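Step one of this worksheet: look at the structure below.
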Amino acid sequence: MDRRTLLKAVAGAGTLAMPGRLAAPALAQGAAARTLRFVPQADLANFDPIWGTQYVVRNASAMVWDTLYGVDEKLEPQRQMVEGEEVSSDGLTWTFRLRPGLKFHDGEPVLAKDAVASIARWSVRDPMGQMLNAIQQELTAVDDRTFKWVLKKPYPKIKLALGKNNTPIPFIMPERVAKTDPFKQISEYVGSGPMRFVKNEWAPGAKAVFERFAEYAPRSEPVSWLSGGKRMMVDRIEWIVIPDPGTASAALQNGEVDWWENPIPDLVPVLRKNRNVMVDIADPLGNVGSFRMNHLYPPFNDVRARRAVLMAMSQEDYMRALVGDDTNLWKPLPGFFTPGTPLYTEAGGEILKGPRNLDAAKKLLVESGYSGQPVTCLVAQDQAITKAQGDVTADLLKRLGMNVDFAAIDWGTVGARRAQKTPPGQGGWNMFHTWHAGADCVSPAPYNAIRTTGDKAWFGWPNSPEVETEIAAWFDAKNLAEEQAAMARVNKAALDFVVYAPTGFFLGYQAWRKNITGIVKGPLPFFWGVTKTA
Amino acid sequence: MTAAGAAVAPDLPDLLPAVKPRHGILGFLRRHPTIAAGGALLIAMLMMAVFAPYLGTVDPTALAPARRLRPPSADHWFGTDMLGRDLYSRVIYGARVSLIVGFAVATLASVFGLAIGLFGGFIRWADALLMRVMDGLMSIPPILLAVALMALTRGSVGNVIVAITIAEIPRVSRLVRGVVLSLREQPYVDAAVAAGTRTPMIILRHILPNTLAPMTVQATYICASAMIVEAILSFIGAGTPPTIPSWGNIMAEGRALWQVKPYIVFFPAVFLSLTVLAVNLLGDGLRDALDPRLAKRL
Amino acid sequence: MLAHVVRRVIATIPVMGVVALFVFSLLYIAPGDPAAIIAGDQATPADVERIRQSLRLDRPFLIRFGEWVWQILHGDLGTSIFTNLPVTTMIAQRFEPTLSLMVVTLCFAVAIAVPVGVLAAWKAGTWIDRSIMAFAVFGFSVPVFVIGYLLAYVFALELEWLPVQGYTPIADGIWPWFENLILPAVALGCVYIALIARITRASMLEVLQQDYIRTARAKGIGQRGILFVHALKNAAVPIVTVIGIGIALLIGGAVVTESVFAIPGLGRLTVDAILRRDYPVIQGLVLLFSFAYVLVNLAIDLLYTVLDPRIRY
């Protein structure tokens, strides 16, 4: 007899009979079997995937809105809402034709003008969309089911742009909704995806509810990530926000929820022991940790100081601090790109491999001219990932002989302060921690953080014409072999210049109850094909 | 004046047991065992905090992720936390911050609260104004204050103290005011007023001693509460920064793991409980000592 | 008396005004940018600036404050920056869980603490007194979340008697509503019980020394009569004060309890809004809290006059 049963027996014998827990009130037994209760990684505070680019918004939006293309497991874009496309011989004119029978949740058919307006809104906020905008001649609807996109230069990756999984995804919304300014929120959540958003049951920060859209016509191909036939096997999906990992773990074990997006690694052994719970890797593309430096001010404006950090840092320390002792969950990363993908490369990564050389690093730091000025580290305490990395960094920089000015603040403040270009002593910063989804680090295309365009670059403002040249070469590469060669050069150049210091590659688990089947690994939780048996 | 055989009132038996007078500090402590117990425990905690470096501790911020989450052993008496830091050292050093926070908040809140409560309770025209300001102050969630302060500067012990103190002042002032309002109507106060005693004298001699008892109890509670609120602020991420261990932030950091590694929460919780117990015993004892009417009953 | 009440109610307005100004200023000077959070990690500084402009956060302080006050006077608390829902809707959604939690906790705490405190005072000096007080000390020396976890572990996970998280609206049934609140209320109430019991005991001890108690005993009034009719009423002022002050405490404790037990209440809404700098929501919530505290304190003050007729305003 296991411990739990014994406890219950003793408790039951020793006290008056307690009423057993009542079944979930508002739903009948049958209906309960068709409701999937999911614990998301964060709360769904807003629901505009173009305006608010957080991952959790994208994940929910993927149920409610559909896309023209969708990437499969190999990150190849496949047709989704599009029935067929044609490109002119000079590569400048793309004509897309929509599938028949596509409907919005309010009953209206999906028309080409809806697609046109949605793409226009999305392209303002998305890096690839912005590139397309820059070379766009015209984007118009030809008839109800066809639209054409005329460019001034060829853009072979256009299908990837329309089908990628990196946020923001070009979801297709009704024209009237898509005409909202991309810097303002939409207020109507009408899409053509397999689930409908039940707005009047939405309690931001607590609960979000989705119901199956009966008139969704899935494709006939087998489903693979965002491509293929998205068949919903449950009628209702409830997103239940549980901020405390211990509580979420208990709720999963108890059967109060069915699927948990991101259990913390240290609790996974407990979940594994439970006979009703399954655990597996959530996203094979994982995440890349980042020690982001400010290239405008000392000490990190000198490449030698940056290299000193790379020499001294132990990615193992960072990764263990983040994901614990489970070696399935992390890999050292001698570069900036996602392991396990065709374009992965370790070229130039020797500085991050092998035993750490603290003395040489200290010497290099002194050579760079560092003479004890405070190094301001912005560490957000309310995000587990940045908090853990920050603790390791404080220790690392102290051992390097730096004067650490540790600013324990919250993520909101980090967001504001990292945008300041003022000197660290006057409200600026020297470094902060963050992380990037592996899906965003597969290639330079979606990867804002690797660009070194100086003032226009991401926070830290690295400026390196060499790295940019190599990146441009990758964009011009015409086949896989050329791309891989270009990537090797990009990686090496970026490491030599030290755009930022990657702290390692880490993965996360997901956990679900045994009576749920059809859950796959992917860059976002995919709800199609997921079945719940009673 | 007794004649032989005349009735003489018999000696009354001693109603009260003979009280052997004891003098000096030792006597004082014997008569007030709660002060002795509480004081001793508190002094032990203080000594522990002061002499932390000599108690077999290592650097509490030295991390070693390769040795994370080890259970208690000969090397690490309390085990290691999720970054490989020695928990024993963190708990011993953590006493410093928690005690400082507790005492600073209790003292500051009591001083300010007493001043405001006395002023408002005794001087009618100020009462309405002050109490409305106190109401206003109470409605600002201390969390908001703490996060705002943290954002304005950064997480620090000082910010935590200020945020919690501001939240506690209204409570003390209300309590003092309540007592003052009751006492104001007492006959001896009326008599003092009739005798022409100036107000400050009345406050000092009549009101103040009567507020001390409830205030001491309240102050001990505030001290304990401040240490706990510090833990809650750490829970949200607005407490003392992780580079400075405190019992509160050790517990907050370990809370997600307490099903698998309960010792991370357990050890600071034990120390915190003991300290709070000590503070309360001390408070109880002081109250009894200050209020002679209660001394004999206990 | 009525005049006093009316005056107090009117006096809440300037109080709330001052609080509003204070909080508004605090948020204005505190760094942290909802626009940055909205724009997401990959956004460029230009994007963030555009969002700030569309949220109209770049206008001067007095204009923003004036606009907000004008809105309030028309009964409009504004719209959340993040969810685009009206602040009143968001507060209304989360109001019931928090109110339920606080009422249940309060009832539970008072129902246990006052009799226990009276018992301790009556048996002062005996082992009953000492053990009650020791237990009380334990109650508030451990943080709420530790008690919460312990309860959740034992009763929800191991014994499976009660649910571990969530909230059921009272409209869906009294027992399910209560079931979800039992563990959080006990966790939150422990601290409260300890405090009230101690103050009750201290206050009762003071009163039990009084002459009129000895007179009552001499008159032959039974123990229960003495304790509850004569003594408790006179001891009530500090007890009621502490209960009132404790209501203020409950909001702080509610934040933690709501996080631990995943109750969708105002406490969590406050923390989430603060960390995201969702200014309209923060401002609306603080106004609500200040109004609630003022009402509670008014009620307490009025209760004083009932309990102690010597207190007059």
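Couple of notes before you dig in:
- Of all residues in segment C:267-303 being touching a helix residue (DSSP H, G or I) at 6+ places or on another chain (Cβ under 6 Å) and farther than 30 Å from residue A:44 by Cα, the one that is farthest from the other protein chains (Cβ to nearest Cβ): C:303
- Only one of the listed residues (A:438, A:412, A:390, A:401) is of a type in the set (Gly, Ala, Ser), free of Cβ contacts under 8 Å to residues at least 40 places away in the same chain and either more than 14 Å from chain C (Cβ to nearest Cβ) or out of contact with any Lys or Arg (no Cβ under 8 Å at 6 or more places or on another chain) (or both). That residue is A:401.
- Filtering A:382, A:359 for residues that are at the interface with another protein chain (Cβ under 10 Å from one of its Cβ atoms), out of contact with any Cys (no Cβ under 6 Å at 6 or more places or on another chain) and modelled with pLDDT under 95 leaves a single hit, A:382.
- Put simply, of B:53, B:71 the only residue that is touching a helix residue (DSSP H, G or I) at 6+ places or on another chain (Cβ under 9 Å), within 14 Å of chain A (Cβ to nearest Cβ), exposed (fewer than 15 other Cβ atoms within 10 Å of the Cβ) and not β-branched (Val, Ile, Thr) is B:71.
- The condition (being under 22 Å from residue C:72 (Cβ atoms) and of a type in the set (A, V, I, L, M)) is satisfied by just one residue among C:256, C:296: C:296.
- Yes/no for residue C:100 being out of contact with any Cys (no Cβ under 9 Å at 6 or more places or on another chain) and away from every other protein chain (no Cβ under 12 Å): yes
- In segment B:165-213, the residues that are facing chain C (nearest Cβ under 9 Å) and under 17 Å from residue B:124 (Cβ atoms): B:174, B:177, B:178, B:179, B:181, B:182, B:184, B:185, B:186
- Selection status of residue B:41, touching a helix residue (DSSP H, G or I) at 6+ places or on another chain (Cβ under 8 Å), surrounded by 13 or more Cβ atoms within 10 Å (Cβ to Cβ), hydrophobic (A, V, I, L, M, F, W, C) and at pLDDT 85 or above: yes
- Residue pairs whose Cβ atoms lie under 6 Å apart, separated by 6 or more positions or on different chains, with the first residue in segment B:220-237 and within 14 Å of chain A (Cβ to nearest Cβ) and touching a residue at least 40 places away in the same chain (Cβ under 8 Å) and the second in a helix (DSSP H, G or I) and surrounded by fewer than 24 Cβ atoms within 10 Å (Cβ to Cβ), do not occur.
- Criterion (over 30 Å from residue A:188 (Cβ atoms), within 14 Å of chain A (Cβ to nearest Cβ) and not polar (S, T, N, Q)) met by exactly one of C:29, C:37: C:29
- Just one of the listed residues (C:61, C:138) is surrounded by fewer than 20 Cβ atoms within 10 Å (Cβ to Cβ), modelled with pLDDT under 85 and more than 30 Å from residue A:186 (Cα to Cα), and it is C:138.
- Counting only helices (runs of 4 or more DSSP H) wholly contained in segment C:77-183, the ones carrying 3 or more residues that are more than 28 Å from residue A:253 (Cβ to Cβ) occupy C:87-122, C:127-141.
- Subset of segment A:416-435 that is touching a Lys or Arg at 6+ places or on another chain (Cβ under 9 Å) and free of Cβ contacts under 8 Å to residues at least 40 places away in the same chain - its residue that is farthest from residue A:369 (Cα to Cα): A:416
- Unmet requirement for residue A:283, which otherwise passes all of (1) within 14 Å of another protein chain (Cβ to nearest Cβ); (2) within 19 Å of the chain's Cα centre (by Cα): (1)
- Set A:364, A:329: member being within 23 Å of the chain's Cα centre (by Cα) and at negative phi: A:329
- Of all residues in segment C:227-250, none are without any contact (Cβ under 8 Å) to a residue 24 or more places away in the chain, in a helix (DSSP H, G or I), within 14 Å of chain A (Cβ to nearest Cβ) and on the phi < 0 side of the Ramachandran plot.
- Looking across segment A:249-280, the residues that are more than 8 Å from chain C (Cβ to nearest Cβ) and in a helix (DSSP H, G or I) come down to A:249, A:252, A:265, A:266, A:267, A:268, A:269, A:270, A:271, A:272, A:273.
- Qualifying helices (runs of 4 or more DSSP H) (wholly inside segment B:198-279; at least 2 residues being over 30 Å from residue B:68 (Cβ atoms)): B:199-202, B:208-236
- Screening A:506, A:526 for residues that are touching a residue at least 40 places away in the same chain (Cβ under 8 Å) and more than 23 Å from residue A:292 (Cβ to Cβ) leaves exactly one candidate, A:526.
- Residue selected from segment C:255-294 under the condition of a type in the set (Gly, Ala, Ser) and assigned to a helix (DSSP H, G or I), by the criterion surrounded by the fewest Cβ atoms within 10 Å (Cβ to Cβ): C:292
- Flag if residue C:139 is in contact with a helix residue (DSSP H, G or I) (Cβ under 6 Å, 6 or more places away or on another chain), away from chain B (no Cβ under 12 Å) and either within 30 Å of residue B:263 (Cβ to Cβ) or of a type in the set (S, T, N, Q) (or both): no
- Of the residues making up segment A:466-524, just one is farther than 30 Å from residue A:271 by Cβ and in a strand (DSSP E or B), namely A:501.
- Residue selected from segment A:367-376 under the condition outside any loop (DSSP other than H, G, I, E, B) and more than 10 Å from chain B (Cβ to nearest Cβ), by the criterion nearest to the chain's Cα centre (by Cα): A:375
- Being closer than 25 Å to residue B:235 by Cα, within 11 Å of chain B (Cβ to nearest Cβ) and either of a type in the set (Ser, Thr, Tyr) or crowded, with 17+ Cβ neighbours inside 10 Å (or both) holds for only one residue in C:167, C:149, C:192, and it is C:149.
- Of all the criteria given as (1) in contact with a helix residue (DSSP H, G or I) (Cβ under 7 Å, 6 or more places away or on another chain); (2) within 11 Å of another protein chain (Cβ to nearest Cβ); (3) exposed (fewer than 15 other Cβ atoms within 10 Å of the Cβ), the one not satisfied by residue C:48 is (3).
- Qualifying residue in segment A:193-201 (condition: part of a loop (DSSP other than H, G, I, E, B) and either surrounded by fewer than 19 Cβ atoms within 10 Å (Cβ to Cβ) or in contact with a Cys (Cβ under 7 Å, 6 or more places away or on another chain) (or both)): yes
- Matching entry among A:283, A:258, A:266, A:317 (being modelled with pLDDT under 90 and buried (at least 18 other Cβ atoms within 10 Å of the Cβ)): A:266
The values are calculated or read from the model by the stated rules, or taken from the named source; none is laboratory data. Since this is a predicted model, take the numbers as computed values, not measurements. Every residue, glycine among them, receives a Cβ derived from its backbone with ideal geometry; neighbour counts consider all protein chains shown.
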